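The values are calculated or read from the model by the stated rules, or taken from the named source; none is laboratory data. What you see is a predicted model; the values in this text were computed from it and never measured. Because the Cβ atoms are built from the backbone with ideal geometry, glycine has one as well, and the counts that use them run over all protein chains shown.
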């Protein structure tokens, strides 16, 4: 039974975790880690008094990072549900772009932290967010190598005669 036929007969079989979605899993796990890192402490004071999460320290950048982290989830969903490779390939490229943009934005916020450098320190949450963004980028890059389509048989291979000596 093909994926499309399974989805028509049972609407709960829409997201199939199969071998075709394996390259997208690191990107999805990394995007989840990126969103989770926004709840950790990104900045603190050198005296150890005050700490701030990304939600507290950023104005709109936290929302932008969440939106960028949702792109690999869309890649995973399209990779698992589409029978043609066009949309998953688009989301693979968009995952690379989203990962690169997230890496650059987080690097800028690590270098240009809020407040004077003598008073404000970068906490582990920021470094975890940067690592997760790099892994989203790597997961998107890895997913571009997937050319299979879920539920579709591979194309037949035509046998050719051996060349004459």
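Is it fair to say residue 90 is under 30 Å from residue 155 (Cα atoms), under 15 Å from the mean Cα position of the chain (by Cα) and exposed (fewer than 14 other Cβ atoms within 10 Å of the Cβ)? Yes, satisfied. Considering only residues in segment 82-97 that are in a helix (DSSP H, G or I) and in contact with a helix residue (DSSP H, G or I) (Cβ under 7 Å, 6 or more places away or on another chain), the one that is farthest from residue 142 (Cα to Cα) turns out to be 87.
Of the residues making up segment 62-69, not a single one is in contact (Cβ under 8 Å) with a residue 40 or more places away in the chain, over 16 Å from residue 29 (Cβ atoms), touching a strand residue (DSSP E or B) at 6+ places or on another chain (Cβ under 8 Å) and assigned to a helix (DSSP H, G or I).
Between 146, 136, 122, 157, the distinction of being closer than 30 Å to residue 85 by Cβ and at pLDDT 85 or above belongs to 136 only. Here's a check for you: in segment 119-130, which residue that is touching a helix residue (DSSP H, G or I) at 6+ places or on another chain (Cβ under 8 Å), in a helix (DSSP H, G or I) and in contact (Cβ under 8 Å) with a residue 60 or more places away in the chain is surrounded by the most Cβ atoms within 10 Å (Cβ to Cβ)? Looking at the filtered set, the residue picked out is 129.
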